[in-house]
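The values are calculated or read from the model by the stated rules, or taken from the named source; none is laboratory data. Worth saying up front: this structure is predicted, and the values here are computed from it rather than measured. Quick reminder, even Gly has a Cβ in these numbers, built from the backbone with ideal geometry, and neighbours come from all protein chains shown. For the accessible areas, the whole protein counts, side chains as well, though only heavy atoms, and no ligand, DNA or RNA atoms are used. Shrake-Rupley method; radii C 1.70, N 1.55, O 1.52, S 1.80 Å.
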Amino acid sequence: MGDDKISDNEAIDAALHLDGDPDKVREFYEDWARSYNLDTSQSEYSGPAIAARLLREHQNPGDVSVLDAGCGTGLVGIELRKLGYERIDGFDLSPSMAEEAAATGAYRDVHGDIDLMRAAGTFPDAAYDAVLSIGVFTLGHVPPGGLEVLLKLVRPDGLLLVSTRVQYYEQTGFQRVADDLLANGEATLVRLVRDAPYNNDGDAHYWVFRRSGR
Ligand SMILES: C[S@@+](CC[C@H](N)C(=O)[O-])C[C@H]1O[C@@H](n2cnc3c(N)ncnc32)[C@H](O)[C@@H]1O
């Protein structure tokens, strides 16, 4: 993508113009951690609430374990807690973002300095009933191949829920990666909510995949 402005919010716009280099992304969020919640609330960011409600529609909170991949300051964990989810772990590339998430008290465990693309080296295979990643499959952050990494962390018949900012969906090979997972029989698509609210500078698609049973 070019240098075109996407958001009127300076920090959000800068985030969307990162280049996906994990070192640069980490450094950027280290600086943004303290004011992230203010900026995103001013941009009417609704991704976490929408994602939590969507998960609730497909999976009862009961005793399920959830992993919030790229948990940031914990906005997704807070929304999940409101709906009755209790066993929520999170991780993020940025230690300061992860610290903010831990401080919310919404999480059982939060890990900082973890790159989603290498998360399989940290978390055991098939350990979670649900994995969510909201606001992470977005411009300048992670490549679509992260979907395959996250699916491996979901137990068979468990759910993977991700948001894709519409511009990200249009400018990357996300659809191809999703199609491959479906064609290989590794997952089924339970739900796709297209062009749903996200924030005041654009919409997102919300995807709910079910990992195939063994
Ligand atoms: C826009 S924020 C979204 C945070 C949170 N999920 C939310 O909805 O508020 C994107 C987050 O993804 C994290 N992130 C970006 N690239 C990552 C990677 N490769 N591995 C892990 N986290 C990453 C950033 O550090 C940041 O906290």
Please go through the range 183-212 and give me each residue that is free of Cβ contacts under 8 Å to residues at least 24 places away in the same chain, more than 27 Å from Asp13 (Cα to Cα) and not in a loop (DSSP other than H, G, I, E, B), ordered by number. Ala183, Leu189
Helices (runs of 4 or more DSSP H) within the range 1-78 that include 1 or more residues within 12 Å of the ligand (Cβ to nearest atom), in contact (Cβ under 8 Å) with a residue 24 or more places away in the chain and in contact with a strand residue (DSSP E or B) (Cβ under 6 Å, 6 or more places away or on another chain): 47-58
Looking only at the range 103-120, and only at residues there that are part of a helix (DSSP H, G or I) and surrounded by fewer than 19 Cβ atoms within 10 Å (Cβ to Cβ), the one that is farthest from the ligand (Cβ to nearest atom): Ala103
Which count do you get for residues in the range 14-35 that are open to solvent by less than 30 Å² (accessible area, probe 1.4 Å) and more than 16 Å from Phe137 (Cβ to Cβ)? 2
Given the criteria small (Gly, Ala, Ser) and in contact with a Leu (Cβ under 6 Å, 6 or more places away or on another chain), does Gly140 qualify? yes
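Can you tell me which residue is farthest from the ligand (Cβ to nearest atom) among those in the range 135-167 that are assigned to a strand (DSSP E or B), open to solvent by less than 10 Å² (accessible area, probe 1.4 Å) and closer than 22 Å to Tyr85 by Cβ?
Here is the first cut: in the range 135-167, the residues assigned to a strand (DSSP E or B) are 135-137, 154-165.
From the residues that got through so far, the ones that are open to solvent by less than 10 Å² (accessible area, probe 1.4 Å) too are 137, 154, 158-165.
Those still in the list that are closer than 22 Å to Tyr85 by Cβ too: 137, 154, 158-163.
Values: Phe137: 9, Val154: 17, Gly158: 19, Leu159: 16, Leu160: 14, Leu161: 11, Val162: 10, Ser163: 8 Å.
Ranking the candidates gives Gly158 first.
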In the range 125-134, the residues that are open to solvent by 20 Å² or more (accessible area, probe 1.4 Å) and touching a helix residue (DSSP H, G or I) at 6+ places or on another chain (Cβ under 8 Å): Asp125, Ala126, Ala127
Go through the range 60-73 and give me each residue that's polar (S, T, N, Q) and surrounded by 24 or more Cβ atoms within 10 Å (Cβ to Cβ). Thr73
Can you tell me how many residues in the range 74-102 are more than 18 Å from Val64 (Cβ to Cβ) and open to solvent by 10 Å² or more (accessible area, probe 1.4 Å)? 8
